[in-house]
Structures are given as C-alpha cells and as structure tokens.
1. Which one of 139, 156, 181 has its Cα pushed farthest toward the positive end of the charge dipole of segment 120-189, where Lys and Arg give +1 and Asp and Glu give -1 at the Cβ?
2. Over the chain, with every protein chain in place, what whole percent of the accessible area is carbon and sulfur at 1.4 Å, could you tell me?
3. Give the Kirkwood hydrodynamic radius (Å, one decimal) of the chain, defined as one over the mean of 1/r across all pairs of different Cα atoms.
4. Can you list which of the trypsin sites (Lys or Arg not before Pro) found in segment 15-89 are DSSP loop residues with at most 15 other C-beta atoms within 10 Å?
5. Given H placed 1.01 Å from N in the peptide plane, which residues other than close sequence neighbours of residue 52 have an amide H under 5 Å from its amide H?
6. Residue separation times 0.36 nm, minus the C-alpha to C-alpha distance between residue 24 and residue 146: what's the value?
7. Only Cα pairs under 8 Å and at least 6 apart count here; give the relative contact order of segment 74-189 as a rounded whole percent.
8. In Å², and per residue, what accessible area does segment 1-45 have when probed at 1.4 Å with the other protein chains present?
Amino acid sequence: MKIYFHLNIKGFSNCYIVVNEFLKEAIIIDPGQITEEMINRIEKDSYTLVAVFITHNHASHVNGLKTLRKIYVPEIYAADWEIAGNATHVITGDGSICIAGFTIKYAAIPGHTDDSMVYKIGNVLFTGDTISAGKIGPTNSNYSNIILRTHIERKIFSECDATVIMPGHGPPTSVGAEKLFNIGMTQQK
C-alpha cells in the first residue's frame with residue numbers, strides 16, 4: 001500500500017490517494033479538490049481509480065467529486081446518499097468492504113456530523129474531521145460532543161497505539177499520541 005497526500009488549499013483539508021501497486025488500482029479518500037497533480041499521479045503510474053470514500057458531507061471533503069466523475073467511473077462510498085445520489089453506495093454502522101485488493105473497514109462515528117465515517121486500511125485510519133492531531137471535530141451540542149468522544153474512545157482508542165491517523169485536516173498522528181495528548185478528549189464542552 002502506498003498513500004499519496006494532497007492538501008486542498010480552498011478548504012485546508014486533506015485528500016488521500018491510496019494505491020495497490022501490484023493491482024495498479026487506487027482509491028481516493030475525501031476528494032475536496034481534484035488537481036492536475038492528482039490526475040497526473042493516477043495517470044503516470046497507470047492506476048485504475050476504482051473507488052472514492054467520503055468521511056462526511058462537508059464541501060471541503062467532497063467538492064472534487066464532480067470533477068472526478070467526469071474523468072473516471074469510481075464506486076462511491078459514503079453514509080450520506082446526497083453525496084452522489086443513486087451512484088452512492090450508502091454504508092452505515094460498522095463493517096468492511098474488499099476493494100482494490102484491500103479490506104477496508106469502516107465505522108460510523110457520529111458527533112461532528114451524523115454521517116461521519118472512519119476508514120481503516122491496514123494499520124492506517126482515515127478519520128475525516130472526527131479526530132486530528134490534538135483535537136476532535138467540532139460539534140453543535142454537549143450531547144453531540146459526548147457521543148463523539150464516546151465513539152472515539154470505543155472505536156479509535158481501542159486500536160493499537162501504533163495505528164496511524166490520517167485526519168481530514170492537519171498532520172498525521174497516531175492513536176497512542178492522541179490517547180496521551182488530545183485535549184478534545186479530556187475537556188468537557
């Protein structure tokens with residue numbers, strides 16, 4: 001597995017291209033903006049874009065999907081049907097999908113948004129806005145904050161400390177670092 005990072009300057013959000021070099025297949029997680037650099041990455045190495053995974057329906061994480069769909073025909077996975085209408089494979093709860101030679105585990109972690117999903121490939125978690133280095137996603141109520149922190153505790157902090165977190169915003173981190181230093185998990189809203 002190889003992961004290519006792309007920063008969406010418009011929304012300061014992270015987009016990831018995850019490739020299986022043996023199968024020459026790729027997936028994209030949170031296409032906030034599609035740039036020439038990203039297209040060149042896929043085309044230069046002759047990858048087939050087989051799927052797009054959306055962590056949640058915020059513009060800075062989905063705006064590039066329209067451009068992608070004009071160039072490629074990937075399967076689209078999200079917890080919100082509105083992402084791509086009938087082209088969306090709606091996923092809910094927790095489960096797994098085998099695609100691009102990977103077993104992609106997914107987990108619903110509501111709180112930041114109702115449709116927030118986290119994806120795990122190998123020892124890497126793609127968390128969207130659920131959790132990032134030193135903080136958790138903003139919520140609109142105390143109840144949502146409690147729900148978010150409870151799900152993070154159960155579904156993310158239960159992972160091995162060495163598990164890498166690739167967030168929707170900011171730098172990569174690890175489960176172990178966030179257990180020790182994430183201020184959002186210790187503060188009450």
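The values are calculated or read from the model by the stated rules, or taken from the named source; none is laboratory data. These numbers come from a predicted model, not from an experiment. Using ideal geometry, Cβ is built from the backbone for each residue, glycine included, and neighbour counts are taken over all protein chains shown. Surface accessibility is based on the protein's heavy atoms, side chains included, excluding ligands, DNA and RNA. Shrake-Rupley method; radii C 1.70, N 1.55, O 1.52, S 1.80 Å.
1. Farthest towards the positive end: 139.
2. Details: 4790 of 9010 Å².
Looking at the chain in its full context, I get 53 percent from C and S.
3. Values: mean 1/r = 0.0607 Å⁻¹.
Radius from the Kirkwood sum: 16.5 Å.
4. Values: sites: 24, 41, 44, 66, 69, 70; in loops: 24.
Answer in residue order: 24.
5. 28, 75, 76, 77
6. Values: separation 122, 0.36 × 122 = 43.92 nm, distance 4.15 nm.
Gain on stretching residue 24 to residue 146: 39.8 nm.
7. Values: 213 pairs, mean separation 22.9, N = 116.
Answer for segment 74-189 is 20 percent.
8. Working: 2300 Å² over 45 residues.
I get 51 Å² per residue for segment 1-45.
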